[in-house]
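Trainee: Below is one structure. I have some questions about it.
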Amino acid sequence: MSTFTIDTGTSRATPTPVPGKRMTVPAIRSRKKDGKTEQPLVMLTAYTMRMAQLLDPHCEMLLVGDSLGQVIYGLPSTVPVTMEMMCAHGAAVVRGSWHSLVGVDMPFGSYEASPEQAFQSASRIMKETGCAAVKLEGGEAMAPTIDFLTHRGIPVIGHVGLTPQAVNVLGGYGARGKNADEAKKIIGDAKAVADAGAFCIVVEGVMEEIAEKVTEAVAVPIIGIGASPKCDGQVLVTEDMLGLFERTPRFVKRYADMANEIGAAVATYAEEVRERSFPTEEQTYRPKK
């Protein structure tokens, strides 16, 4: 049960919440002490101002994931996502939150070429959104870039295991670490990313044993998605968790059935419009008597 309550007086007309003290990068990092995290960290994705308002009181971190390409724009993968998309949605989520640390994904093609390219992209994201951190995919190969960013004032969230931006190389979204070589690489990638300065790491779609070993081996918090309950925290795509899609990945637990609820509400609205029972007197403007 969350200890936070929504009491900001926000509406569509006044969407900016009351300023408050946000979670910080050091606060997130310090949740893991002596290799253990007493209370797991809660992270969810957010792409809009209103969703950020609803999620913020219950989360330590909100991730503006490049999954918005599929969730919001109907793209087949995260590969086509642009910097403009990430900056626009990132700024909206920052405006709609006041407690959570907001991290924004760096889109495919915006950081891989060189540490200098990554810095240009990351600094733009932070300037245009007001977020506290960026997230980038990749393991040992990206360690020099992470080191470059963190030494220049840009906090980094790592991402290893199943990396969706590499879907064309991986050949799909199947779980990783099914053999000894893959397992060794994932553990090595996590260590390299942590040593380079990432303050937490998302580990996605890996065998439970690997997730547990990574969590034990790395000093910074490990946030699992399709990993192990023994991770230091968990993240899900909010729309999956709320049941807004009929099909969800195996690792998702559906905490609601919003697709059917929305469909039923819209069906009732359509019926009332067609039979002229909406709007009623209560929703109609009339001159005062």
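The values are calculated or read from the model by the stated rules, or taken from the named source; none is laboratory data. Predicted, not measured: the structure shown is a model, and the values here were computed from it. Please note: Cβ atoms are built from the backbone with ideal geometry, for glycine as well, and neighbour counts cover all protein chains shown. Calculation scope for accessible area: heavy atoms of the full protein, side chains included, ligands and nucleic acids excluded. Shrake-Rupley method; radii C 1.70, N 1.55, O 1.52, S 1.80 Å.
Trainee: Under the rule of at least 5 residues apart or a separate chain, name every residue whose amide H is placed under 5 Å from the amide H of residue 200.
Mentor: 158
Trainee: Which FRET efficiency, nearest 0.05, do residue 166 and residue 195 yield, Cβ-Cβ r, R0 30 Å?
Mentor: Efficiency at R0 = 30 Å is approximately 0.90.
Trainee: Give me the percent of the accessible area of the chain that comes from carbon and sulfur atoms, probe 1.4 Å, all protein chains in place.
Mentor: The computed percentage sits at 55.
Trainee: Between helix 115-129 and the chain, what is the angle of the helix's C-alpha long axis to the longest principal axis, kept within 0 to 90° and rounded to the nearest 10?
Mentor: The angle comes out near 20 degrees.
Trainee: Another question about this same structure. Rolling a 1.4 angstrom probe over the protein heavy atoms, how many square angstrom per residue are accessible across region 155-255?
Mentor: For region 155-255, the solvent-accessible area averages 46 Å² per residue.
Trainee: Now for a different question. Where the convex hull is taken over the Cα atoms of the chain, what is its projected area averaged over directions, in nm²?
Mentor: 18.1
Trainee: So for the chain, averaging the separation of alpha carbon pairs under 8 Å that are six or more residues apart and normalising by length, what relative contact order in percent results?
Mentor: 16
Trainee: Rounding to the nearest 20 debye, state how big the charge dipole of the chain is about its Cα centre with +1 on each Lys and Arg Cβ and -1 on each Asp and Glu Cβ.
Mentor: Using Cβ point charges on Lys, Arg, Asp and Glu, the chain gives about 700 debye.
Trainee: So, one more: Determine, from the Cβ-Cβ distance of residue 269 and residue 84 and an R0 of 35 Å, the FRET efficiency 1/(1 + (r/R0)^6), rounded to the nearest 0.05.
Mentor: According to the calculation, E is roughly 0.55.
Trainee: Across all directions of projection, what mean area in square nanometres is found for the Cα convex hull of region 75-122?
Mentor: Convex hull of Cα atoms, orientation-averaged projection: 4.0 nm².
Trainee: Could you work out the percent of alpha carbon pairs in region 179-283 separated by over 19 Å, rounded to a whole number?
Mentor: Here the tail beyond 19 Å accounts for 58 percent of pairs.
Trainee: If the viscosity is 0.692 mPa s and the temperature 37 °C, what Stokes-Einstein diffusion coefficient in µm²/s follows for region 103-167 when Rh is the Kirkwood radius over Cα pairs?
Mentor: Translational diffusion coefficient: 283 µm²/s.
Trainee: Can you tell which of 252, 211, 190 lies farthest toward the positive end of the dipole of region 142-255, using +1 and -1 charges on the Cβ of basic and acidic side chains (Lys, Arg; Asp, Glu)?
Mentor: 252
Trainee: Hey, in the GNM for the chain with a 10 angstrom Cα cutoff, which one of 221, 229, 76 fluctuates hardest?
Mentor: 76
Trainee: Among 278, 43, 233, which residue has its Cα positioned farthest towards the positive end of the charge dipole of the chain, with +1 placed on the Cβ of Lys and Arg, -1 on the Cβ of Asp and Glu, and the dipole taken about the Cα centre?
Mentor: Working it through, the farthest residue towards the positive pole turns out to be 278.
Trainee: Counting helices only, and only those DSSP H runs with n ≥ 4, report the 222 nm mean residue ellipticity of the chain as the sum of -39,500 (n - 2.57) divided by its residues, in deg cm²/dmol to the nearest 500.
Mentor: -10500 deg cm²/dmol
Trainee: Same structure, new question: Which order do peptides 37-50, 245-258, 272-285 fall in by mean Cβ count within 10 Å, highest first?
Mentor: 37-50, 245-258, 272-285
Trainee: Of the lysine pairs in region 158-289, how many meet both conditions: Cα atoms under 22 Å apart, and a spacing of 8 or more in sequence or different chains?
Mentor: Taking region 158-289 as the scope, the lysine pair count is 11.
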